[in-house]
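Note sheet for the following structure.
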């Protein structure tokens, strides 16, 4: 059955809340998303994308309010806190430590997760309306190109997700920055990241 295509953020939020998987706009390209707190949905995202589970996933939200509960703030130093304050919300992903009892397919090595507090108005509104942080990974079959146009979306994805949110991406041409707060390494430099950081 082909996914419902809509411009209703409310409908997309409902699908997320019910444990579904949606394709939605982000800063640069369309992404596949589901609730961070639904393990079955996360495993489905990985299967839809045909992705190696070891590659890790990014968590997106409109604010850090919900995720703060799970962060191991004792392991986040002042320099990292200053960077979070400077760059969020925005197109920057930070690898952050989480508390020992947090378990998720989204976990990386060293018990960390990659988080982006998005400034994209549609993605931010979706997180707020769905009342959950979301998993986000580019909407493409692993190894193939991601897209900022639904016209170029892989037709197989229409059969694999529950809903496609037909709203524009943010126009960003390059991937987001990724900064590892544990070893203070800029893993990938994205837009608007200044070298003196």
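The values are calculated or read from the model by the stated rules, or taken from the named source; none is laboratory data. Keep in mind it's a predicted model, so treat the numbers as computed, not measured. Every residue, glycine as well, gets a Cβ built from its backbone with ideal geometry; the counts of neighbours run over all protein chains shown.
If residue 1 satisfies every condition in (1) crowded, with 22+ Cβ neighbours inside 10 Å; (2) part of a loop (DSSP other than H, G, I, E, B); (3) more than 13 Å from the chain's Cα centre (by Cα) but one, which is the exception?
The number of the failed condition is (1).
If you check residue 106 against the conditions, is it in contact (Cβ under 8 Å) with a residue 40 or more places away in the chain and part of a loop (DSSP other than H, G, I, E, B)?
Working: in contact (Cβ under 8 Å) with a residue 40 or more places away in the chain: yes; part of a loop (DSSP other than H, G, I, E, B): yes.
Here the answer is yes, as residue 106 does meet what is asked.
Could you tell me whether the range 129-139 includes any residue that is surrounded by fewer than 17 Cβ atoms within 10 Å (Cβ to Cβ), assigned to a helix (DSSP H, G or I) and in contact with a strand residue (DSSP E or B) (Cβ under 8 Å, 6 or more places away or on another chain)?
No.
Only one of 126, 167 is in a loop (DSSP other than H, G, I, E, B), closer than 22 Å to residue 9 by Cα and at pLDDT 95 or above. Can you tell me which?
Answer to the check: 167.
Limited to the range 99-112, what total is found for residues that are closer than 25 Å to residue 27 by Cα and touching a helix residue (DSSP H, G or I) at 6+ places or on another chain (Cβ under 8 Å)? Step through it out loud before you land on a result.
Step one: of the range 99-112, the residues closer than 25 Å to residue 27 by Cα are 104-108, 112.
With touching a helix residue (DSSP H, G or I) at 6+ places or on another chain (Cβ under 8 Å) added as a condition, the list becomes 104-106.
Going through the range 99-112 one residue at a time, the tally reaches 3.
Just one of 118, 147, 181 is within 16 Å of the chain's Cα centre (by Cα) and crowded, with 18+ Cβ neighbours inside 10 Å; which is it?
Details: 147 fails: crowded, with 18+ Cβ neighbours inside 10 Å; 181 fails: within 16 Å of the chain's Cα centre (by Cα).
Selected residue: 118, the only one of 118, 147, 181 that is within 16 Å of the chain's Cα centre (by Cα) and crowded, with 18+ Cβ neighbours inside 10 Å.
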